[in-house]
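Encoded as structure tokens, the structure appears first; notes follow it.
The values are calculated or read from the model by the stated rules, or taken from the named source; none is laboratory data. Please read these numbers as outputs of a predicted model, since none were measured by experiment. With ideal geometry, Cβ positions are generated from the backbone for all residues, glycine too; neighbour counts draw on all protein chains shown. These accessible areas exclude ligands, DNA and RNA; they are computed on the full protein's heavy atoms, side chains included. Shrake-Rupley method; radii C 1.70, N 1.55, O 1.52, S 1.80 Å.
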Amino acid sequence: MYVPEAAFDAQRLLQGDVVFGIQLVGAINLRGIHHHTPVHGEGRANAWTVPQEPKIGAAMVLSHSCEIALENNVKLTSVVLAPIRDVNQATSPERISELVTSNRIDKSDTDWSYLKYFYLELTPRLPFSRGAVVDFSKLFSVRKQAFAHVLEKKVLQLEDEVRTSMALKLALYFHREETVDVA
Amino acid sequence: MTSAIQKVRDSPNSTGTVIPFPSQGPAHDLTESSYFVFPQLEGLREEIKRTIEAVVTEAFYRAELGRSLPTDDPFDPVYISLLRPDSVSAEDLDRLSQFAHVVDRSSLLSFDDGWDD
């Protein structure tokens, strides 16, 4: 699933790269945001805070590789990321094996999948003892000023074919026929 | 001992009882537990702490963010004018169509990690 260390490119950020140790800001409670004004309670807000403990963890880069290539500066306005979640926290552990089986839609023979999640195999580079999932539904973006910070946190790089499978799944998560979920 | 402290030490309260003033010495340090214990407020300690932190944070933002910061607007017209269209291959579209019938079972799986409400 992951490129070997010899092929790991620490100088480039690619779609599918896994970063570890960054703040995850997806799925914010809009109604819980505090707006700050220069004069208390008056005028236009110039800052905002979220009154919750920061989530620091792992995320996957979802931006297309050409969009985040530094030589393509015009396109680089932000980096899209999605948080990675520990499968040990799954409320239905029996579903994890189904998720793994159907993970790469283009390689599996099932006509169903868990489109919201892309499974990541166990690796010593991440602190998840049974693997993890990328959750597309919690994606967020960071401004390009954070590019170097994100790149610095890169710990894993997907093999090209796996990256293609992930991108296909991401696209299908947003675009698919309306069907009734199988219970 | 100063005369002021002596006066306080010797001053009676309304009942005429002398209230001993804490003595000077190695144990005489201004710790919260020595001088500022208000049992009736102990239950509000955390709330008071949060309120103070919120006030300090707001003051910080007023001071720091009141200055104008350089902005980099991804929606700036300059970016828009320099953009070029992306190519979309028929092969990519066919691939999406090939798998568009896949049934999504995502709703059958959730996690107990604070992300799902």
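Structure values in brief
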| quantity | calculated |
| --- | --- |
| Residue check for A:T110: farther than 25 Å from A:Q23 by Cβ, within 9 Å of chain B (Cβ to nearest Cβ) and surrounded by fewer than 17 Cβ atoms within 10 Å (Cβ to Cβ) | yes |
| Condition check for A:S92: among the small types (G, A, S), more than 8 Å from chain B (Cβ to nearest Cβ) and either in a loop (DSSP other than H, G, I, E, B) or surrounded by fewer than 20 Cβ atoms within 10 Å (Cβ to Cβ) (or both) | no |
| Options A:L76, A:L139, A:L126, A:L81: the member that is surrounded by 18 or more Cβ atoms within 10 Å (Cβ to Cβ), more than 18 Å from B:V102 (Cα to Cα) and touching a Lys or Arg at 6+ places or on another chain (Cβ under 6 Å) | A:L76 |
| Residues (surrounded by 12 or more Cβ atoms within 10 Å (Cβ to Cβ) and either within 27 Å of the chain's Cα centre (by Cα) or at pLDDT below 85 (or both)) located in region B:101-117 | B:F111, B:D113, B:G114, B:W115, B:D116 |
| Among the residues listed as A:G16, A:G26, A:G32, A:G21, the single one being out of contact with any Gly (no Cβ under 9 Å at 6 or more places or on another chain) and away from chain B (no Cβ under 13 Å) | A:G16 |
| Residue that is more than 30 Å from A:N88 (Cβ to Cβ), at pLDDT below 60, polar (S, T, N, Q) and exposed (fewer than 10 other Cβ atoms within 10 Å of the Cβ), where the choices are B:S68, B:S89, B:S34 | B:S68 |
| Residue among A:S92, A:S97 that is among the hydroxyl-bearing types (S, T, Y) and modelled with pLDDT under 90 | A:S92 |
| Residue that is nearest to A:K153 (Cα to Cα), among those in region A:35-57 that are assigned to a strand (DSSP E or B) and open to solvent by less than 70 Å² (accessible area, probe 1.4 Å) | A:G57 |
| Number of the exception - A:I28 against (1) under 30 Å from A:D160 (Cβ atoms); (2) part of a loop (DSSP other than H, G, I, E, B) | (1) |
| Positions within region A:115-127 being more than 11 Å from chain B (Cβ to nearest Cβ) and not in a strand (DSSP E or B), in sequence order | A:E121, A:L122, A:T123, A:P124, A:R125, A:L126, A:P127 |
| Residue satisfying all of: in region A:44-64; of a type in the set (V, I, T) and at pLDDT 90 or above; nearest to A:L168 (Cα to Cα) among these | A:V61 |
| Every pair of residues 6+ apart whose Cβ atoms lie under 7 Å, when the first sits in region B:88-110 and is free of Cβ contacts under 8 Å to residues at least 12 places away in the same chain and closer than 17 Å to A:N103 by Cα while the second is open to solvent by 40 Å² or more (accessible area, probe 1.4 Å) and among the polar types (S, T, N, Q) | B:V103/A:T179; B:S110/A:T91 |
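Residue by residue, here is whether (1) open to solvent by 20 Å² or more (accessible area, probe 1.4 Å); (2) not charged (D, E, K, R) holds:
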{"site": "A:F118", "(1), (2)": "no, yes"}
{"site": "A:L122", "(1), (2)": "yes, yes"}
{"site": "A:K154", "(1), (2)": "no, no"}
{"site": "A:E159", "(1), (2)": "yes, no"}
{"site": "A:A167", "(1), (2)": "yes, yes"}
{"site": "A:L170", "(1), (2)": "yes, yes"}
